[in-house]
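What follows is a single structure, written as structure tokens, with notes after it.
The values are calculated or read from the model by the stated rules, or taken from the named source; none is laboratory data. Just so you know, these numbers come straight off a predicted model, no measurement behind them. We place every Cβ from the backbone using ideal geometry, glycine too, and count neighbours over all the protein chains shown. These accessible areas exclude ligands, DNA and RNA; they are computed on the full protein's heavy atoms, side chains included. Shrake-Rupley method; radii C 1.70, N 1.55, O 1.52, S 1.80 Å.
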Amino acid sequence: MTEAPTLAGLLADGGWHRGPALAEALGVSRAAVSARVADLRARGLDVFSVAGRGYRLAAPLELLDSAAIRAALPADVGVLVDTIDVRERLDSTNAELARTPVTGTAALLAEYQSAGRGRGARGWVSPFGANLYLSVSAPLGAPRAPIGALSLAVGVALADALTAFGARDIGLKWPNDLWAGGRKLGGILIEHRGEIGGGARVIVGIGLNLTMQTVDIDQPWTRLADHMDRLGSRNAVAGVVLGGVLRALDGFQSQGFEPFQARWPVFDVARDAPVRVIEGDGEQVGIARGIGPDGALQVEIGGRTRPVYSGDVSLRLGA
């Protein structure tokens, strides 16, 4: 069945499109076209309008496509995912997978999130078509390592995948941040629930900045386009990221956390650096000393090393 056209899809070529032609293609009134243009602008797209010429985007836009993403996956990785779905707009890809009955392994991507979420219920800025918002729901039966270490395993797999793709200066900040050049590039959000038989279903959410323009974010951030000679296709990047997540889930299930722990020091931006461990009753300054076999951050405070877990601690680089 042919999918109904969308305004973003019609404008994606970057050319001028007259209002009457858009209205006819969409099966709506001219007034409805104007309302949809306003909605795209509110979601972060630059849509120009000129009387007599119509509407156009500031630049052509490559929309995500499930078939193109699957084609970008290596054959041995493609068999690890049952479905790949792309939506134009969602509140959150993680939330959508959480409320949708899913069997097997399902990947969901969105062009725009109205309520994207980061760690600790923080908001995640999600402008239309500028970044990558991807979630994977998968069964995880009797994992061989603590589930809390999964975000670190995913981080290592993504750092390896992006580096192989040509990205420079990729790093990891415990427990779930991707960095590049000393700034935040993306984040990982893991949600899980127990299932009958001792296994679990996990949802791995990824937010990755690709070409995002200036936005109001309360920490230094960067985007992948600034750390590659040429970013290339968004669908190719989506394939790289999805492939990394799938490899992490498969490896974590079959081999545990040990292989990922061994790779963590390659990307660890906090190793032997002063950190502030912020807990509910105050904060302490220490030195990060890597991670333990369960994924806990090892922090030296007052000459003694203690484990720090993501569930009750926030971390800030710098004394």
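Summing charges over all other residues whose Cβ lies under 9 Å from the Cβ of Leu108, with Lys and Arg as +1 and Asp and Glu as -1, gives -1. Build a GNM of the chain with springs between Cα atoms under 10 Å apart, and of Trp179, Trp16, Trp264 the one that fluctuates most is Trp16.
3J(HN,Hα) along the range 78-91: x, 6, 7, 10, 7, 9, 10, 10, 10, 10, 6, 8, 9, 5 Hz, from the Karplus curve 6.51 cos²θ - 1.76 cosθ + 1.60 with θ = phi - 60°, whole Hz, x for Gly and Pro. With contributions of -39500 (n - 2.57) from each DSSP H run of at least four residues, the per-residue ellipticity at 222 nm computed over the chain stands at -8500 deg cm²/dmol. A DSSP coil position with no more than 13 other Cβ atoms inside 10 Å describes the following trypsin sites (Lys or Arg not before Pro) in the range 154-187: Arg168. Among Glu300, Glu191, Glu279, the residue with the largest mean-square fluctuation in a Gaussian network model of the chain, with springs joining Cα atoms closer than 10 Å, is Glu279.
Please calculate how many Å² of accessible area the chain carries per residue, with a 1.4 Å probe and no DNA, RNA or ligand atoms counted.
Roughly 46 Å² per residue, with all protein chains present.
When the chain is treated as a GNM with alpha-carbon contacts under 10 Å, the residue of Arg53, Arg89, Arg18 showing the greatest mean-square fluctuation is Arg53. With the full set of protein chains in place, find how many percent of the accessible area of the chain is carbon and sulfur; take the probe as 1.4 Å. Ligands and nucleic acids excluded, carbon and sulfur give 51 percent. Net charge in the neighbourhood of Pro220 (other residues with Cβ under 9 Å of its Cβ; Lys, Arg +1, Asp, Glu -1) is +2.
Projected over every direction and averaged, the convex hull enclosing the alpha-carbon atoms of the chain yields 18.2 nm². Expressed per residue, the C-alpha convex hull volume of the range 44-173 stands at 167 Å³. Dipole check for the chain: with +1 at the C-beta of Lys and Arg, -1 at the C-beta of Asp and Glu, and the Cα centre as origin, the magnitude is about 440 Debye. The distance separating the Cα centre of the range 31-60 from that of the range 232-303 comes to 42 Å. Taking every Cα-Cα distance in the range 6-98 and sorting them into 10 Å bins starting at zero, the pair-distance distribution P(r) comes out as 14, 38, 26, 17, 5, 0 percent.
Seen from Ala72, the other residues with C-beta closer than 12 Å to its C-beta sum to a net charge of +1, counting Lys and Arg as +1 and Asp and Glu as -1.
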